Amino acid sequence: MVTLLTFATTVLSAALVAQAKPTHDDPFQRHTIKAKGIEASFIEYGATITNLWVDDKNGVPRDVVLGWDDTTQYNLQPGIPGFLGAVVGRYANRIGNGTFSIDDTKYHTPLNEKNITTLHGGDMGFNRLNWTLVDKSKSDISFRLTSPDGDEGFPGTAEITVKYSVNDHQEWHIDYEGVSDKDTIMMLSSHGYWNLDAFTTSDTVEDHVLQIASDKYIKTDGSLIPTGEFVDVEGTALDFRSAKSIGQDLQEATECGFDCIGYDNCWLFSDPNPEEYQATVYAPSTGIQLAIKTDQAALQFYSCHGLDGTLPIKKKKHHNRGHHERRCHKEDEYVQKYGCLVLETENYIDGINHPEWGNEYSGILRKEDTYTHHAEYHFSIHQD
């Protein structure tokens, strides 16, 4: 949703930014927010979520997002896996050929994926920048980022704010807001890597049960660039309209790029209702269930088939109820192929290069408008 800003509102927003609280000098220091039954930690680097604790069916706190014990590794190891827990932008997902046009002016962005596409904003997307902590309370935290005109090839100086909050209903909310002094494109998303088993019983998420309330997905080529076609999920491995385990049809899921088995696809919500959940997933072992609702028009599901066993499983983290081990194994363990899932709430991928889909899916942000989107993640114990 892009809403029109009045001049007075713009001035007020600028004044609020000017009054923002200064941050400390360490972009890798954890900042924690909490409410009943949920606790989340973030760092300024990438506005990244590093930990998210919720109770399993036995009342044991589990950290259900992947990440590094040593937060400086988010910078030192940005590709294992990429975009780990961060906000991605200025334009999430892929831009075909790293090229797009706004009103007949052509722009070029870095080809940071196989020298074919721009992925999640380029070489130094929002996930690799130090955001500024501007506000924090017990249950919410806000980060701000200024992306200058020409940053990674995108026009306009953009001011971005992301607010994270938790509440006593075991919900994590994300509110995105962005403005630009020139016409630009914008699509923001959170790139959290989830494992609701928390590596307690399995190395993969193949037993996780997923449901996606969508009957169409965007057809892509071998480079995961849209062909322009929308395809019915019926009769395909991408049919998650009824809940099923991720592993059920995994070996038949081959529309995830060249020589690939897994899911890396974009499901469409023709008329997203922010009051309804678009996706639900749970782990039978822990009972932890995650339900997602958003006002965005699509959801990208990635099954982590690109992981190669080089990202360590987090060992333990300080929690208000003590320290909790992942497993009691003696040796370090690493995340394996299919060891997680990513669920990105976003707009139609590469919509800027498909005007036939409609302007509302292009991602164009006019200089007099503001970008605002919302997503929420509700945790509970699955009831059979």
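The values are calculated or read from the model by the stated rules, or taken from the named source; none is laboratory data. Worth saying up front: this structure is predicted, and the values here are computed from it rather than measured. When we count neighbours, we look across all protein chains shown, and the Cβ atoms used for this are built from the backbone with ideal geometry, even at glycine.
Name the pairs whose Cβ atoms lie under 8 Å apart, with the first residue in region 136-157 and within 14 Å of residue 122 (Cβ to Cβ), the second of a type in the set (Val, Ile, Thr) and part of a loop (DSSP other than H, G, I, E, B), and 6 or more positions between them or separate chains?
147/157; 148/157; 152/109; 153/109; 154/109
What single numbered condition from (1) touching a strand residue (DSSP E or B) at 6+ places or on another chain (Cβ under 6 Å); (2) crowded, with 21+ Cβ neighbours inside 10 Å fails to hold for residue 175?
Every listed condition holds for residue 175 apart from (2).
Every residue in region 95-153 that is out of contact with any strand residue (DSSP E or B) (no Cβ under 6 Å at 6 or more places or on another chain), farther than 20 Å from residue 84 by Cβ and in a helix (DSSP H, G or I), please.
The one that is out of contact with any strand residue (DSSP E or B) (no Cβ under 6 Å at 6 or more places or on another chain), farther than 20 Å from residue 84 by Cβ and in a helix (DSSP H, G or I): 151.
Out of the residues in region 204-214 that are of a type outside the set (A, V, I, L, M, F, W, C) and touching a strand residue (DSSP E or B) at 6+ places or on another chain (Cβ under 6 Å), state the one that is surrounded by the most Cβ atoms within 10 Å (Cβ to Cβ).
Looking at residues that are of a type outside the set (A, V, I, L, M, F, W, C) and touching a strand residue (DSSP E or B) at 6+ places or on another chain (Cβ under 6 Å), I get 208.
Being touching a residue at least 24 places away in the same chain (Cβ under 8 Å), more than 16 Å from residue 377 (Cβ to Cβ), crowded, with 24+ Cβ neighbours inside 10 Å and among the basic types (Lys, Arg): is that true of residue 90 here?
So residue 90 fits the description; yes.
Any residue at all in region 272-282 that's among the β-branched types (Val, Ile, Thr), crowded, with 16+ Cβ neighbours inside 10 Å and under 25 Å from residue 226 (Cβ atoms)?
Yes: one or more hits.
Tell me the residue from 218, 292 that is under 26 Å from residue 336 (Cα atoms) and touching a Leu at 6+ places or on another chain (Cβ under 8 Å), please.
292
Being outside any strand (DSSP E or B) and polar (S, T, N, Q) is the filter here; which residues of region 175-184 pass it?
none
Please determine whether any residue of region 221-234 is in contact with a Phe, Trp or Tyr (Cβ under 6 Å, 6 or more places away or on another chain), in contact (Cβ under 8 Å) with a residue 40 or more places away in the chain, within 25 Å of residue 270 (Cα to Cα) and not hydrophobic (A, V, I, L, M, F, W, C).
no
If you scan region 327-384, which residues turn out to be assigned to a strand (DSSP E or B) and either without any contact (Cβ under 8 Å) to a residue 12 or more places away in the chain or over 24 Å from residue 277 (Cβ atoms) (or both)?
Hits for region 327-384 are 334, 364, 365, 369, 370.
If we scan region 185-194, do we find a residue that is part of a strand (DSSP E or B), over 15 Å from the mean Cα position of the chain (by Cα), surrounded by 18 or more Cβ atoms within 10 Å (Cβ to Cβ) and at pLDDT 95 or above?
Within region 185-194 (the criterion being part of a strand (DSSP E or B), over 15 Å from the mean Cα position of the chain (by Cα), surrounded by 18 or more Cβ atoms within 10 Å (Cβ to Cβ) and at pLDDT 95 or above), the answer is yes, since at least one residue qualifies.
Go through (1) under 19 Å from the mean Cα position of the chain (by Cα); (2) surrounded by fewer than 21 Cβ atoms within 10 Å (Cβ to Cβ) one by one and return the number of the condition residue 97 breaks.
(1)
Quick check on region 46-77: of everything there that is within 15 Å of the chain's Cα centre (by Cα) and of a type outside the set (A, V, I, L, M, F, W, C), which residue is nearest to residue 179 (Cα to Cα)?
Keep residues of region 46-77 that are within 15 Å of the chain's Cα centre (by Cα), which gives 46-52, 64-67.
Filter once more, so that each one left must be of a type outside the set (A, V, I, L, M, F, W, C): 46, 48, 50-51, 67.
On the way: 46: 18, 48: 21, 50: 27, 51: 29, 67: 30 Å.
Per the criteria, the residue is 46.
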